[in-house]
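These notes concern the structure reproduced below.
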Amino acid sequence: IVQALRAQGDVVAMTGDGINDAPALREADIGVAMGQRGTPVAREAADFVLLDDNFATIVAAVRDGRRIFENLRRAFAYLIAFHAPLLLGALVVPLVGAPLLLLPVTLIWLELVVHPVASLVFDNDPAPPDLMRRPPRPPGAGLLLRGDLARPLLQGISLSVGVLGLYLGALARGTDVNESRAIAVATLILGQLVLVLAARSPDRPLWETTTRGNRALWPVLAVTSLSLLVVLYVSPIAKALELAPLGPLGWLVAALVATLTTLWLEPMKGRDRRGGASSSRPN
């Protein structure tokens with residue numbers, strides 16, 4: 001039966017506890033053996049072992065697996081969006097003959113900011129309410145579908161244009177290099193904060209989502225914001241990163257550019273959801 005189902009393209013799970021179940025457990029895509037009353041042969045042949053022999057645990061495992069996969073998708077989307085300005089900044093600025101925007105020590109600081117966000121914030125996101133009502137994703141589907149990849153790339157490129165435009169524009173007006181670099185870095189970090197919130201809601205605008213249930217979100221965002229203030233206003237650190245303090249106007253410009261370049265795609269999420277596109281996509 002398992003072979004016949006797999007031959008017609010089905011994904012097959014098999015549960016069993018006896019020696020006679022072992023061939024089917026091995027043949028199935030997912031073999032689940034009973035841990036308490038199962039024979040050693042069945043446990044060795046299976047992919048998973050239920051320690052409590054409770055079938056409800058299978059449902060809980062599927063739910064948790066889907067939650068982990070969904071959070072991985074969001075984390076990768078965020079990483080793609082945030083690394084686009086880093087790559088483009090490292091490429092474009094030297095080509096136009098301008099002073100480096102991102103110094104090596106700045107990149108180290110940015111990576112220390114990015115990785116805790118990716119590992120802590122998205123790992124602590126609760127499962128979406130409709131997670132178990134979604135159809136299974138196709139077996140050959142990748143981590144990110146085509147639409148999932150396009151959106152963070154567009155957001156990252158858009159933020160890159162804003163950051164580079166501010167930096168090169170300030171240099172062209174004769175602004176000090178450290179001040180020009182400071183407003184660009186502030187825009188990059190503020191945009192990163194928005195990207196985190198946007199990546200947490202891939203199917204609906206971020207203003208329609210809640211931050212409840214994620215205990216790591218606000219502490220991580222607060223530490224990120226505090227680190228930006230430290231590198232701009234603590235003189236020894238600012239000197240090492242070759243940055244200068246920002247005035248009120250600089251903060252206003254940085255916040256405005258960061259918001260506009262990262263949020264312009266958010267209303268399109270709402271249109272996709274009302275049109276039913278996102279609800280039918282396998283996850």
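The values are calculated or read from the model by the stated rules, or taken from the named source; none is laboratory data. Here the structure is a predicted model, which means the values were calculated and not measured. Every residue, glycine among them, receives a Cβ derived from its backbone with ideal geometry; neighbour counts consider all protein chains shown. Just so you know, the surface numbers come from the protein's heavy atoms only, side chains and all, with ligands and any DNA or RNA stripped out. Shrake-Rupley method; radii C 1.70, N 1.55, O 1.52, S 1.80 Å.
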Open item on the list: Using only the alpha-carbon atoms, how far is helix 217-233 inclined from the longest principal axis of the chain? Give it as 0 to 90 degrees, nearest 10.
Closed with: 20 degrees
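Nearest 20 debye, what's the magnitude of the dipole of the chain about its Cα centre given +1 on Lys and Arg Cβ and -1 on Asp and Glu Cβ?
Details: 26 positive and 23 negative charges, 150 e Å.
About 720 debye.
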Task: For the stretch 168-186 and the stretch 137-160, distance of Cα centres in Å - done: 32 Å
Open item on the list: Keeping every protein chain present and rolling a 1.4 Å probe, give me the accessible area per residue for the stretch 1-136 in Å².
Closed with: 55 Å²
Task: the stretch 1-154: relative contact order in percent, alpha carbon pairs under 8 Å with at least 6 residues between - done: 17 percent
- [ ] For Rg and Dmax of the Cα atoms in Å, several values are listed as (1) 24.2, 80; (2) 21.2, 69; (3) 17.7, 54; flag the one computed from this structure.
- [x] (1)
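Of 44, 266, which has the most accessible area and how do the rest follow, probe 1.4 Å? Don't skip to the end; give the middle numbers.
Working: 44 145, 266 0 Å².
Sorted descending by solvent-accessible area, the residues read 44, 266.
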TODO: Find how many whole Å separate the alpha carbon centroid of the stretch 8-77 from the alpha carbon centroid of the stretch 118-136.
DONE: 20 Å
Task: Solvent-accessible area of residue 223 with every protein chain in place, 1.4 Å probe, in Å² to the nearest 10 - done: 100 Å²
Task: Low-density loop positions, trypsin sites (Lys or Arg not before Pro), the stretch 121-173 - DSSP coil, at most 11 other Cβ in 10 Å - done: 173
TODO: Multiply the residue gap between residue 145 and residue 47 by 0.36 nm, knock off their C-alpha separation, and tell me the result in nm, one decimal place.
DONE: 32.6 nm
- [ ] Compute the long axis of helix 266-275 from its Cα atoms, compare it with the longest principal axis of the Cα atoms of the chain, and write down the angle in degrees, 0 to 90, nearest 10.
- [x] 30 degrees
- [ ] Give the ranking of 57, 261 by solvent-accessible surface, highest area first, calculated with a 1.4 Å probe.
- [x] 57, 261
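By average Cβ neighbour count within 10 Å, what is the ranking of 90-98, 69-77, 47-55 from highest down?
Values: 90-98: 12.0, 69-77: 19.1, 47-55: 14.1.
Order by mean packing, descending: 69-77, 47-55, 90-98.
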Open item on the list: Can you tell me the orientation of helix 248-263 relative to the chain, as the angle in degrees between its alpha-carbon axis and the longest Cα principal axis, to the nearest 10?
Closed with: 30 degrees
- [ ] Would you work out which of 211, 48, 32 lies farthest towards the positive end of the dipole of the chain? Charges go on Cβ: Lys and Arg +1, Asp and Glu -1.
- [x] 211
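On the protein heavy atoms, probe 1.4 angstrom, tell me the percent of accessible surface of the chain carried by carbon and sulfur. Display every interim value, and only then the final one.
On the way: 9700 of 14690 Å².
About 66 percent, which is the carbon plus sulfur part of the accessible surface.
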